[in-house]
Amino acid sequence: MHPNPAFRAEETERHVAFARDRAFGVLAVSTDEAPLISHVPFLLSEDGALAELHLVRSNPIVRMLKDPKPARIAVTGPDGYVSPDWYGIDDQVPTWNYVAVHLIGQLEQRLQEELLDLLDRQSAFYEARLLPKPPWTTGKMSQDALDKMMRMIVPFQFRIDDIQGTWKLNQNKPDAARLSASEHIANDAIGSELDALQKLMRG
């Protein structure tokens, strides 16, 4: 993430709220070779101290995790390219604005008996956002299908020791230049969730 203090001044509470709302990130675990990476949905506690997730049993991370290991979950948000022409001031360079929060801690496999409760809480968290649709629950599955699915996945807890966030939104530019660039983001930029990025740049 960008080291400029201008982009790292947000309070931890904002990082936690952002990560909890996104509820999806990139899990990275170090090895002697390249890091192992998985894209995972997760539940984050209110205080940001604990994330809960599950992995498919065939995932290489599951096979190597006999004991708790250091890990990181990178949670990304809106991002987009910013042309220097958009600032309205001279001698600027291209950049890329983005939001990212990293959760850093220890990943630990949990008991298989805890899996159903985790799945029920995860699905309830996501399904609640789809209202007024009646929520899906594991109770809608046949017992045989549920048992088969649960044999294929493993529950994990991620105990979080540190939370770091970057909110790179042109805070290092004069207000007029930042707002001028924001006018172009939603319609002219390349990236993802550009409407949300524009709102964040406007403050």
Using Cα pairs closer than 8 Å and at least 6 residues apart in sequence, work out the relative contact order for the chain, in percent.
28
If the label point is 7 Å along Cα→Cβ of residue 179, which residues in the range 72-103 have backbone nitrogen under 17 Å from it?
86-89
Using DSSP loop states and a limit of at most 13 other Cβ atoms within 10 Å to flag trypsin sites (Lys or Arg not before Pro), what is the longest stretch of the chain containing no flagged site?
67-203
Debye, to nearest 20: dipole size of the range 147-193, +1 on Lys, Arg Cβ, -1 on Asp, Glu Cβ:
220
If I take the Cα coordinates of the range 148-203 and project them onto the principal axes, what are the three extents in Å, biggest first?
56, 28, 15
Magnitude of the Cβ-charge dipole (Lys and Arg +1, Asp and Glu -1) of the range 110-163 about the Cα centre, nearest 20 debye, reported as 240
Can you tell me the length gained on complete extension of the stretch residue 133 to residue 186, counting 0.36 nm per residue apart and subtracting the Cα distance?
16.1 nm
Any GluC sites (Glu not before Pro) in the range 25-109 that lie in a DSSP loop and have at most 15 other Cβ atoms within 10 Å would be 33, 46
Let me have the 222 nm mean residue ellipticity of the chain computed from DSSP H runs of 4+ only, each contributing -39500 (n - 2.57), with the sum over all residues rounded to the nearest 500.
-9000 deg cm²/dmol
At 37 °C and a viscosity of 0.692 mPa s, what translational diffusion coefficient does Stokes-Einstein give for the range 24-113, taking Rh as the Kirkwood radius over Cα pairs? Give it in µm²/s as a whole number.
211
Descending semi-axes in Å of the chain, equivalent ellipsoid built from Cα gyration tensor
37, 20, 14
Within the under-15-Å Cβ sphere about residue 115, not counting residue 115, Lys/Arg +1 and Asp/Glu -1 give a net charge of -2
Just the number: Rg to Rh for the range 66-172, Cα atoms, Kirkwood Rh, two decimals.
1.17
Under a plain spin-label model, where a point goes 7 Å from the Cα along Cα-to-Cβ, how far apart in nm are residue 4 and residue 21?
2.3
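Every read-out reported here was derived from the displayed coordinates using simple, explicitly stated rules and does not represent laboratory data. Quantities reported herein were computed from a predicted structural model and do not represent experimental measurements. Note: ideal-geometry Cβ built from the backbone for every residue, glycine included; neighbour counts use all protein chains shown.
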